[in-house]
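The values are calculated or read from the model by the stated rules, or taken from the named source; none is laboratory data. Keep in mind it's a predicted model, so treat the numbers as computed, not measured. Don't worry about glycine lacking a Cβ; one is built from the backbone with ideal geometry, like all the others, and counts go over all protein chains shown. Protein only, heavy atoms only, side chains kept; ligands, DNA and RNA dropped before computing areas. Shrake-Rupley method; radii C 1.70, N 1.55, O 1.52, S 1.80 Å.
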Amino acid sequence: MSGYDGPAMARHFLSVDDLDTPELSTLLDRSAAVKASPRDVADRLAGTAVAMIFEKPSTRTRVSFEVAISSTGGHPLALSSAELQLGRGETIEDTGRVLSRYVDAIVLRTFGQDRLEGLARTATVPIVNALSDLEHPCQCLADLLTIREHKGNLAGLVFAYVGDGNNVAHSLLLGGAKMGMAVRVATPPGYEPIPQVVERAAEIGRTTGGSVEVLHDPATACSGADVLYTDVWASMGQEAETAERARVFGPYRIDQAAVDLAKPDCIVLHCLPAHRGQEITDEVIDGPHSVVWDQAENRLHTQKALLLWLMDRD
Ligand code: CP
């Protein structure tokens, strides 16, 4: 051993902004190909191991990554920080140094983006953001693939996000702008996406034909939209604010009235888990415009394509 353990040379996926527009487009194409012919990639990760560290709960991300890794021949290790020495104070940087000696990629769901950045600074294998307080880029890949499947294209679509200006909204602002969509985000005052992300998405939009609008009127956002999207009003870590958020977010719900404002052939997405009766009604999530189950399935296909690309196996 030389003792040298950095800097990392691997490619990471910490933000949607880690991909440029051609790369994002290619990754969506590869996701569609993987979905159409899963057997073609059945052994592409043979001989590899991928660590998945979850510092927050997960259903879709954990299961879809585990299946994506095992069904391409790799060995997934699902770990919680409580099981690791992370839970007893070992730094994320030292964890990255050590795990890089055992595994071929690390997937991390965590709180601050700084933890992902710390891991990426010291790890010599690809790091994937499986949700942070700032972004949920893997969710955005599945969302874009789902919209493209149902609409045939992405550029020029009017995309309306109604609800909290959270991590999901941040990734959608960046991803939508990269793909040339007109992204409208309607939030209550004080719950907007952070200005740095909005400014970056607007800058991207100026090069792709996309655009970004942050509004406070959900009806204006939904009017004439091709795509409606919502997410929970209180994200993980905001449980103490649940009651206050339920009061403030009442008008920011995707219900039949919101659907009626959108285009007649609009589609409705939700990254799930849904709080039925809060940010989305039963009538809409179970209705003819909803594509949320396709959206959830596409986590699997897009993450397979992502891992194959990051691990140089595609
Ligand atoms: N959408 C999403 O990330 O779901 P989980 O929290 O269940 O992983």
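Annotations
- The Cα-based radius of gyration and maximum Cα-Cα distance (Dmax) for region 215-278 are 12.4, 38 Å.
- Region 172-314: C-alpha gyration tensor shape, a/c 1.5 cut-off, then a/b vs b/c: rounded
- Rounded to the nearest 20 debye, the dipole size of the chain about its Cα centre is 580 debye, using +1 on the Cβ of Lys and Arg and -1 on the Cβ of Asp and Glu.
- Only Lys, Arg (+1) and Asp, Glu (-1) charged, at Cβ; region 1-132 dipole about Cα centre in debye: 360 debye
- Of all accessible heavy-atom area on the chain, the percent that carbon and sulfur account for (1.4 Å): 52 percent
- Rg in Å to one decimal, and Dmax rounded to a whole Å, for region 101-183 via C-alpha atoms: 14.8, 45
- Cross-link table LYS35/LYS56; LYS56/LYS263; LYS263/LYS304; LYS56/LYS304, entries beyond 26 Å C-alpha to C-alpha: LYS35/LYS56; LYS56/LYS263; LYS263/LYS304
- Computed [θ] at 222 nm, deg cm²/dmol, the chain (DSSP H ≥ 4; -39,500 (n - 2.57); rounded to nearest 500): -12000 deg cm²/dmol
- Computed about its Cα centre, the charge dipole of region 245-286 is approximately 300 debye, with only Lys, Arg, Asp and Glu carrying charge at their Cβ.
- Computed over protein heavy atoms with a 1.4 Å probe, the accessible surface of region 225-312 works out to 41 Å² per residue.
- Built from the Cα atoms of region 105-151, the convex hull projects on average onto 3.5 nm², one quarter of its surface area.
- Restricted to Cα atoms, the chain shows a radius of gyration and a Dmax of 19.1, 64 angstrom.
- Region 1-148 - Debye-derived log10 I(q)/I(0), Cα point model, q = 0.21 Å⁻¹: -1.51
- Label positions at ASN153 and ASP286, each projected 7 Å from the Cα along the C-beta direction, are separated by 3.6 nm.
- GNM result for the chain, Cα springs below 10 Å: residue of VAL16, VAL63, VAL183 fluctuating most strongly: VAL63
- Space enclosed by the convex hull of the alpha-carbon atoms of region 244-314, per residue, Å³: 120 Å³
- Between helix 167-178 and the chain: long-axis angle, C-alpha atoms, 0 to 90°, nearest 10: 80 degrees
- R0 of 22 Å, Cβ-Cβ distance GLU199-GLU241: FRET efficiency to nearest 0.05: 0.30
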